[in-house]
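Chemist: Sending over a structure as structure tokens; questions will come in a sec.
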Amino acid sequence: MAVGVDLKVVVLVGGVGGAKLAHGLAQILQPEQLTVIVNTGDDLWYHGLRVCPDLDTVMYTLAGLVDKTFGWGLAGDTRHTLEALQRYGVDAWFGVGDQDLATHLLRTEWWHKGVPLTEITQRLTQALGIGCRVLPMCDAPVATKVQTIEHGELDFQTYFVKLRWQPTVTALRLDGIEAATISLEARAAIDTADVILFGPSNPWLSIAPILAVPGMKNALMAREIPRVAVTPIVEGNALKGPASKIMKELEYEVSAAAVARYYGDVVNGFVYDERDATLEIDTPHTMMMDTIMQTENDRAVLARQVLDWIVEWKNHVRLGNNSG
Ligand code: FO1
């Protein structure tokens with residue numbers, strides 16, 4: 001079944017995994033049908049530059065510019081500036097590429113002129129030829145802080161990149177979240193959406209910060225439409241990154257079912273992997289699929305399967321049958 005031409009989709013994402021689903025959706029929808037709302041809790045000041053890793057990962061992925069080996073950064077980028085910093089004795093553990101710097105330079109220039117991050121992102125995405133809307137979760141700076149046993153509280157990228165997510169996590173805090181508000185653009189996208197998707201991103205590190213933006217959760221839950229999460233956990237493992245390690249450390253069972261329980265009634269639909277066929281998921285509407293996106297085509301296939309299932313489910317409800 002073809003994806004409905006009028007279907008408006010909002011997808012909430014973090015970095016690499018979520019960007020892949022956003023790319024799949026962008027391959028099968030018209031640009032005006034898709035809005036991607038991105039976590040900015042990972043953002044940092046890097047030698048005076050405002051770096052927004054998840055926004056950049058999404059942007060570069062959608063523009064076809066991303067480094068395919070890492071899943072972040074620009075393909076073919078070099079690290080000469082990083083090497084020059086090292087000559088000055090800087091411990092250059094955060095791998096910003098030379099071309100990548102152009103994004104951060106421009107963003108920072110506009111940031112200091114008072115341009116909101118939403119507008120900055122629109123300028124950058126437009127220049128990169130990205131048709132769909134990419135929105136930061138909010139305009140205010142919010143910083144994820146990671147409480148660990150070994151090092152106390154860490155800045156997110158210190159935990160994630162410098163210490164390679166090895167410290168044991170005991171809690172997460174979102175610095176600055178109280179001052180944030182849902183943007184008019186995010187609100188409008190949610191208010192007019194036919195479907196909300198939660199990408200296969202880390203629920204604790206990537207999706208929770210988006211949901212914590214004041215006004216965001218209410219805006220999402222006010223919509224009686226399919227609100228569907230795609231699992232980031234397959235056969236008890238995260239496909240990428242520390243999701244399963246963090247689940248253990250925060251004393252959750254490591255399974256797609258536990259992710260569904262964590263989302264609770266924020267979602268009413270859950271897509272889990274066919275390799276986990278024996279799992280029992282509590283969410284009202286569930287579907288099993290091959291959720292692993294190895295190729296670019298896999299992304300479009302998964303996006304289409306998810307939307308086709310949702311269209312069927314919506315038709316079913318319209319016909320008066322609320323089950324399944
Ligand atoms: N990830 C790494 O594992 N190592 C890095 O040195 C690194 C640098 C980096 C620079 C710019 C950027 O946009 C992303 C970068 N990432 C790096 C990715 C990023 O730290 C994480 O993937 C996300 O924050 C988690 O979603």
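Every number in this text was worked out from the coordinates using simple rules, so none of it is lab data. Computed from a predicted structure; not experimentally measured. Don't worry about glycine lacking a Cβ; one is built from the backbone with ideal geometry, like all the others, and counts go over all protein chains shown.
Chemist: Determine Rg/Rh for segment 163-205; Rg is computed over alpha-carbon atoms and Rh is the Kirkwood hydrodynamic estimate from the same atoms.
Modeler: Using only Cα positions, Rg/Rh for segment 163-205 is 1.10.
Chemist: Along the charge dipole of the chain, pointing to its positive end and built from +1/-1 on Cβ of Lys, Arg, Asp and Glu, which listed residue (ASN315, LEU44, PRO31) has its Cα farthest out?
Modeler: Farthest towards the positive pole: PRO31.
Chemist: Mind checking which of ILE182, ALA238, TRP204 is farthest towards the positive end of segment 154-247's charge dipole, using Cβ charges of +1 (Lys, Arg) and -1 (Asp, Glu) about the Cα centre?
Modeler: Working it through, the farthest residue towards the positive pole turns out to be ALA238.
Chemist: Which order do peptides 251-264, 193-206, 23-36 fall in by mean Cβ count within 10 Å, highest first?
Modeler: Highest mean packing first, the order is 193-206, 23-36, 251-264.
Chemist: Write down, largest first, the equivalent ellipsoid semi-axes of the chain in whole Å, where each equals the square root of 5 times an eigenvalue of the alpha-carbon gyration tensor.
Modeler: Value: 31, 23, 19 Å, ordered largest first.
Chemist: If you take all C-alpha pairs in segment 72-225, what percent of them are over 20 Å apart?
Modeler: Pairs farther apart than 20 Å: 63 percent.
Chemist: Where Rh denotes the Kirkwood radius from the mean inverse Cα pair distance, what is Rg over Rh for segment 44-123?
Modeler: Ratio value, two decimals: 0.97.
Chemist: Based on the Cα coordinates of segment 182-324, what is the per residue volume of their convex hull in Å³?
Modeler: With only Cα atoms used, segment 182-324 gives 114 Å³ per residue.
Chemist: Something else about it: Could you sort out which of LYS20/LYS68; LYS240/LYS314; LYS217/LYS245; LYS162/LYS240; LYS162/LYS245 sit more than 20 Å apart by Cα distance in this structure? Intermediate results must be reported in sequence, preceding the final value.
Modeler: On the way: LYS20/LYS68 11 Å; LYS240/LYS314 32 Å; LYS217/LYS245 26 Å; LYS162/LYS240 17 Å; LYS162/LYS245 17 Å.
Long pairs (Cα-Cα over 20 Å): LYS240/LYS314; LYS217/LYS245.
Chemist: Report the Rg/Rh value for segment 50-97, based on alpha-carbon coordinates and the Kirkwood definition of Rh.
Modeler: Using Cα coordinates only, the ratio equals 1.03.
Chemist: Taking the convex hull of the Cα atoms, report for segment 14-66 its projected area averaged over all directions, in nm².
Modeler: Working: hull surface 15.4 nm².
Projected over every direction and averaged, the Cα hull of segment 14-66 covers 3.9 nm².
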